[in-house]
Amino acid sequence: MELAYGLGHLSLELPPHNRLYSVESQPMGDVADVPAAVLEQLDRPVDHSAPLKERVRSGGRVVIVISDLTRAWIRNDLLLPPLLSYLNGCGIPDSDITVLVAIGTHRGHTDAELQELAGDDIFARVRVVDHDSHDEGNLCFVGTTSRGTDVHLNRLAVEADHVILVGGLVYHLMAGFGGGRKSVLPGIAGYRTVQANHGFLLSPDAIATMGSGKTVGNALHEDMMEAAALLSPAFLLNVILSSQRGIGAVVGGNWDTAWEKGCAIIRQRYGVPLAARGDLVIASAGGFPTDINLYQSSKTLDNAFYAVEDGGVIIVLAQCLEGGGSPEFFDWFQYDSLESMVAALAQGFTVPGYVAYHIRRIAAQYTAILVSDLEPAVVRKTGLRPAASVDDAVRQAQEVQPTIDTLVLMPQGAVTLPVIP
């Protein structure tokens, strides 16, 4: 059989096994007319809440919060024009609209990148600015969550009359799902607020309560929800990835309940029931761009983690055409133990640092083999085992697991989450 690898495919000859399960998503096509779908949600939200025209008023200042270039698939250039036209029709001129880019603790954008992100027309019409989590003078304290997180948010959003969240909904390996409240925290939150919130990932129960698809009892997610409630956004507009990595659905409405409707779609389309965990899990990231680098490919490793039996083996196919990812991400692998990584994260938490820790943690618990174009020494540094080919990876797996009772295949490993009943 063939599995996607970068811009091509790799051939796989399945090893002997007793049972075979394939984890594949329900097909989801592209939305034919994205602007029309946006306007539909603005007037008839998915959660049957009030339309946007009943939530905004003429003369009010509007801040539209959008995601940064790391989530360029959201296609703000398609979503923003119909949204601005709709607001204009509600009596809100371009001069009263600001687009605020929720970069969280990521790097800022150049003017050219902001123009690319928003689209030429929008960039020329309204103010488009980056959030800066370190700019204390442009942050406002809005309250403290029940878990003790002091919430400081971007002043533009806090002082606006109406805030609209525009983002994308996918499984998220820490917060359960992306989108929704993440546009607020970490999106437009102060650095200390983000650090306090993300610190929950280092709690003893983090593995059991925080991860893809997990929201109930997820302290990270619940803290984010409380922070977003303190801002009380007027409306949410989120998109869902299609099977072809276009826009498969648009959901709009209340920032909380419309987001929940979107999560239900993710669960239905990309949460795949699995009858049993595998002694061997073979997961392709799904090809480019989901396997563009090791940082992005960690999502595939995380999803495969849910499908493997105790003592089992994971094989991940990810070309990593652009290497490992950011220099910061690889710097975290300098630590020689999980304990030292946790100590460093406690001193200065970063998402790349946590992803590196998560990879190392899975590699410490299971035999995890990576088929990639990365240098073997680079792969070994992460705790993963390098393989020169698929055949080599299968050979290594059989050395660890000579008898394979259950084999699990994940051809779309980056986006599908195995769900054990």
Give the order of 73, 332 when sorted by the count of other beta carbons within 10 angstrom, beginning with the fewest. 73, 332
Which part of the range 322-341 falls in the paramagnetic zone of residue 107, meaning amide N under 15 Å from the point 7 Å along Cα-to-beta-carbon? 324-331
Taking Kirkwood radius over Cα pairs in Å as the quantity of interest, determine which of [x] 22.1; [y] 23.5; [z] 26.0 was computed from the displayed structure. [x]
Could you check which residue among 76, 254, 88 shows the biggest mean-square fluctuation in a GNM of the chain with a 10 Å Cα cutoff? 88
By DSSP, what percent of the beta bridges with both residues in the chain are antiparallel, rounded to the nearest 5? 30 percent
Backbone N under 16 Å from the residue 155 label point (7 Å along Cα→Cβ), restricted to the range 106-138: 129-138
The range 34-269: relative contact order in percent, alpha carbon pairs under 8 Å with at least 6 residues between: 24 percent
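Given only helices, namely DSSP H runs of n ≥ 4 each adding -39500 (n - 2.57), what is the per-residue ellipticity at 222 nm of the chain, to the nearest 500 deg cm²/dmol?
Working: 15 runs with 141 residues, N = 421.
Mean residue ellipticity at 222 nm (helix-derived): -9500 deg cm²/dmol.
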Which of 373, 94, 331 fluctuates most in a GNM of the chain (C-alpha springs under 10 Å)? That residue is 331
Let me confirm the definition first: pairs of Lys residues in the chain, 8 or more apart or on different chains, C-alpha distance under 27 Å. How many are there? 9
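Laboratory data are not the source of any read-out in this text; all were calculated from the coordinates shown. Predicted model only: the values in this text are computed from it and were never measured. Backbone-built Cβ (ideal geometry, glycine too); neighbour counts: all protein chains shown.
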